[in-house]
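> Dropping the structure in here first, questions after.
The values are calculated or read from the model by the stated rules, or taken from the named source; none is laboratory data. This one's a predicted model, so the numbers in the text were calculated from it and none came from an experiment. A quick note on method: Cβ atoms are made from the backbone with ideal geometry, for glycine too, and the neighbour counts reach across all protein chains shown.
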Amino acid sequence: MTLTLRGIGYRHAGASRPALLDIDLDLADGRVVGLAGASEAGKTTLCLVASGLAPRTVGGRIRGTLHLDGEDVDRWPMHRLAERIGIGFQNPATQLSQVAGTVFEEVAFGPMNLGIDRAEVIDRTWEALEAMRIDGLAERDPQRLSGGQQQLLAMAGLLAMRPEHLVLDEPTAQLDPAGTALVADAIGRLARGGTSILIAEQKTDLLADVAGEMIVLAEGRIALRGPVSEVLADPRLDEIGVAPPSAVRLRRAAVAAGLDPALVAERAA
Amino acid sequence: MTELAIVGLAHVYAASGVRALDGIGLRIGAGERVALIGQNGSGKTTLVRHLNGLLRPTEGRVFVGGDDARALTVAQLAARVGLVFQDPDRQVFSGSVRSEVEFGPRNLSRSGPELAAAAREAISAVGLEGHEATNPYDLGQSRRKLLALASVLAMRTPVLVLDEPTTGQDARGVDRVRDVVRAVSAEGRTVIAISHDMRFVAETFERVIVMRAGRIILDGTPAETFAADAWDALRSTYLEPPLAARVGARRGVGSTPTDAGLIAALRAPERS
C-alpha cells in the first residue's frame, strides 16, 4: 500500500508565497521516511497535506495529486481518509479528542471509531499504553497531564489505531531522552507491522536511528533526498539550517583538525 | 548582583500529594550559567518555579539576592527572576511583537527611550528585527518561542530561567539561544536552563545539575557531570552523556563533553 504525492504545491490562505512547491513523495508499506528542514521550511505543511488535512480542514490552495494505492483521494471526505492515514501533531494537546475523561478512553477512542470489536479495542489499548509506559496513568484526566506525558499519550493513540500510513510532526519535541527512545521503538514496531511513516524531526540523531530514507525541505522545495546516511552526511545540510547528527559533526571536526576520523568513531571499526 | 540560595526545599503538590522536590540544597552565584537536567517529572520545572514565586515551598527556604522569597511579593520576585516557559503559548498574548516585548519592562515601570532600547535589544538578540509589527500568531511556533525569550530578556532581570529553550528550534535557533545565554552571562547575570539536549548543555553551560525523583544527584562542571565515573548515575535517570564524552572515555583522553574539547585532547599527544 502506497501513499503517493505528485507535483504538490500548496499556498496557505492569505499567504504571499507558496509553502510547498513541486513535492514528489512515495510512502510505501513499512518504510520510514524522515523529513527535515529549517523552521518554516514547510515541514508542518507537508505533514498536513500528506495526511489530507490540508486543504480539507485548514483552507488554502493545493496543486498536484495525492493517491492512496493508485486511487485519487481528492474527493474523499476527511473521515474516510482518517481511517487510512494517521497523524500526530506537533502540539500533542491538539491531538486529544476532548471527549475522553481518562487516558484509557483517549487511547481506546481511535480504534473504537474504526468499528473494531470491544475486546480487541481493550487489548490494543493496554498494549499501546504499556508500550509508551503510561499504563500507570490509565485513569488520569488527559487534560491534566504534562506536555511530555501528552506526547506519549498521543503516540499510544496512534499505536492502537495501527494506521496503514502515519504522519508524525515532531513527535518527540517535549520528550526527555527516555521518552524519545520509546517513540523510536513505537515507530519501529508500527513499521514492522507494515505502517508507512513520514516523520518530521529536528533531532537528526533520531532520524538516523529510525528512518531509512529522508527528504530535506528548503523554502518549500525538496532540497535533498536519499538514504538517511547519505543525506545526513551531506555538507549542504548546514547551509539549509539543519544540524547534522552528533556523529557527523564530530567526524567533521576531526577531519578539519587533521585527525583520522576513525579516532572519533563511536565504536571501533 | 543576585545570588540564589535554596535550603532544605521540599514541595508537595496539594492536588496529587506528589512530593516533587525533596531536600534540595543549592547555591548559585551571580553570573553563573547552570543547566538543570533530568527526566520529565524529576522536579526541574517545580524547582525553578520557586525562584520567581510561582510556587511556594512546602518546606525549606528560597533566598533571592539574600532575601527570603517569602518576604518578597510576586512583583518583586518577577523583577529579579525572569522565567521563560517551555510553551510560548502560555506566555505570549499581545497583538504585536513589539507590544509583547514591551509588556514586561512596562510592568517594571520602564518607559520612554529606556523602554524602547530594552525592547529593541531583546528583539535583535533573538533575530526578530523587521517583525516588530507582526502578530505573534503569524510567526511559526519556533519564532514565537524566541519571542517569548525576548519578552523576558527585555526585563533585564539579574536572573534568567529558561525551560527547554531549544525544543522546536532548528540549527540557527539553537545557535541564537546559545548566544543569548552567553551574552546574558557575560553581563554578570545568572542563567539557569532546563534542557534535554546534552550537546547544547555541554557546550553552553559551566555547571550541570542532574535531578532524579525530586533530588539532586550530580552537580559539577560539564567535564565532571559527564565523566565516565558519573555515567552510572546519569543512566540511572535515563540520560546519555554526549557522544564526545563517550568517545573521549574510550580513547582514554579524560572527560571531554564537547567536540572541541575532545579534538583538543586527541591532538595533545601530537604536540608533545
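> Answer with yes or no whether B:ARG110 is touching a strand residue (DSSP E or B) at 6+ places or on another chain (Cβ under 8 Å) and either more than 25 Å from A:GLN202 (Cα to Cα) or of a type in the set (A, V, I, L, M) (or both).
Spelling it out, it is not the case that B:ARG110 is touching a strand residue (DSSP E or B) at 6+ places or on another chain (Cβ under 8 Å) and either more than 25 Å from A:GLN202 (Cα to Cα) or of a type in the set (A, V, I, L, M) (or both).
> Would you be able to say whether some residue in the range A:138-147 is buried (at least 23 other Cβ atoms within 10 Å of the Cβ), on the phi < 0 side of the Ramachandran plot and not in a loop (DSSP other than H, G, I, E, B)?
So far as the range A:138-147 goes, yes, one or more of its residues are buried (at least 23 other Cβ atoms within 10 Å of the Cβ), on the phi < 0 side of the Ramachandran plot and not in a loop (DSSP other than H, G, I, E, B).
> Limited to the range A:33-92, what total is found for residues that are surrounded by 19 or more Cβ atoms within 10 Å (Cβ to Cβ), in contact (Cβ under 8 Å) with a residue 40 or more places away in the chain and of a type in the set (D, E, K, R)?
The number of residues fulfilling the criteria is 1.
> Conditions first: (1) in a helix (DSSP H, G or I); (2) in contact with a Ser or Thr (Cβ under 7 Å, 6 or more places away or on another chain); (3) not hydroxyl-bearing (Ser, Thr, Tyr). A:VAL167 passes all but one, so which condition is the exception?
The one condition A:VAL167 does not meet is (1).
> On to the next question. Anything in the range B:215-254 that is part of a loop (DSSP other than H, G, I, E, B), within 14 Å of chain A (Cβ to nearest Cβ) and out of contact with any Gly (no Cβ under 7 Å at 6 or more places or on another chain)? List them, or say none.
Selection gives B:PHE226, B:TYR238, B:LEU239, B:GLU240, B:PRO241, B:PRO242, B:GLY252, B:VAL253.
> Hey, among the residues in the range A:19-54 that are in contact with a strand residue (DSSP E or B) (Cβ under 7 Å, 6 or more places away or on another chain) and acidic (Asp, Glu), which one's farthest from A:LEU206 (Cα to Cα)?
A:ASP22
> Continuing with the same structure: If we only count helices (runs of 4 or more DSSP H) wholly inside the range A:172-269, which ones have 3 or more residues that are more than 14 Å from every other protein chain (Cβ to nearest Cβ) and either touching a residue at least 60 places away in the same chain (Cβ under 8 Å) or surrounded by fewer than 19 Cβ atoms within 10 Å (Cβ to Cβ) (or both)?
Of the helices (runs of 4 or more DSSP H) lying wholly inside the range A:172-269, those with at least 3 residues that are more than 14 Å from every other protein chain (Cβ to nearest Cβ) and either touching a residue at least 60 places away in the same chain (Cβ under 8 Å) or surrounded by fewer than 19 Cβ atoms within 10 Å (Cβ to Cβ) (or both) span A:177-192, A:228-232.
> Related question: Could you list, in sequence order, all residues of the range B:255-272 that are in a loop (DSSP other than H, G, I, E, B) and of a type in the set (Val, Ile, Thr)?
Hits for the range B:255-272 are B:THR256, B:THR258.
> A further question on this structure: Which condition does B:PRO257 not pass, out of (1) in contact with a helix residue (DSSP H, G or I) (Cβ under 6 Å, 6 or more places away or on another chain); (2) more than 25 Å from B:ARG27 (Cα to Cα), if it passes all the others?
(2)
> What about B:VAL184, is it facing chain A (nearest Cβ under 10 Å), assigned to a helix (DSSP H, G or I) and crowded, with 21+ Cβ neighbours inside 10 Å?
no
> Here is a follow-up. Can you find a residue that is out of contact with any helix residue (DSSP H, G or I) (no Cβ under 7 Å at 6 or more places or on another chain), at pLDDT 90 or above and over 17 Å from A:LEU166 (Cβ atoms) anywhere in the range A:89-99?
No, that holds for no residue.
> Filter the range B:157-172 down to residues that are within 14 Å of another protein chain (Cβ to nearest Cβ) and under 13 Å from the mean Cα position of the chain (by Cα), then give me how many there are. It would help to see each step written out before you state the result.
Residues of the range B:157-172 that are within 14 Å of another protein chain (Cβ to nearest Cβ), as a first pass: B:163-172.
This time we only want the ones that are under 13 Å from the mean Cα position of the chain (by Cα), so: B:163-167.
Result for the range B:157-172: 5.
> Taking A:ILE122, is it assigned to a helix (DSSP H, G or I), without any contact (Cβ under 8 Å) to a residue 40 or more places away in the chain, more than 25 Å from B:ARG90 (Cα to Cα) and over 21 Å from the mean Cα position of the chain (by Cα)?
yes
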